[in-house]
Amino acid sequence: MAKINETNKLNYNGYTGSIEISFDDNCLHGKILFINDLITYEGSTPEDLSVSFESAVDRYIAYCNNTGKPANKPYSGTFNIRIGRDLHRKAASEAYARNLSLNDYVAQAIKSAIDLNGT
């Protein structure tokens, strides 16, 4: 069964899903996060929601396999950012001074910010 992590999200087969409550419809629902496709699921209990999430992930992967479309994989480890020339220059200079690649320097900066916030 999908596990609920510390941030109240579902995890299964490398995918993360949201957990939402609809008081109007008296149900739980969510969507697969961090992919470009919109895949939703719902359930009447937390266990139903977890089963529905797993089924949605499995159906999504099967659909992609059957149609030849590559399934979106969350968190490839690569992303592009736009930070402006001045900040880019300063970051490159700091990386050089620490004998790090710019990529390693930025990765350490992000990790430090996350560690500082405790998430």
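The values are calculated or read from the model by the stated rules, or taken from the named source; none is laboratory data. Here the structure is a predicted model, which means the values were calculated and not measured. Glycine also receives a Cβ, built like all others from the backbone with ideal geometry; neighbour counts cover every protein chain displayed.
Descriptive notes on the structure:
- Screening the range 1-108 for strands (runs of 3 or more DSSP E) wholly inside it with 2 or more residues that are in contact with an Asp or Glu (Cβ under 7 Å, 6 or more places away or on another chain), surrounded by 11 or more Cβ atoms within 10 Å (Cβ to Cβ) and of a type in the set (K, R) returns no ranges.
- Of the numbered criteria (1) over 18 Å from G14 (Cβ atoms); (2) modelled with pLDDT under 95, the one R89 fails is (2).
- Residue match in the range 80-94 (condition: within 27 Å of I32 (Cβ to Cβ) and touching a Cys at 6+ places or on another chain (Cβ under 8 Å)): no
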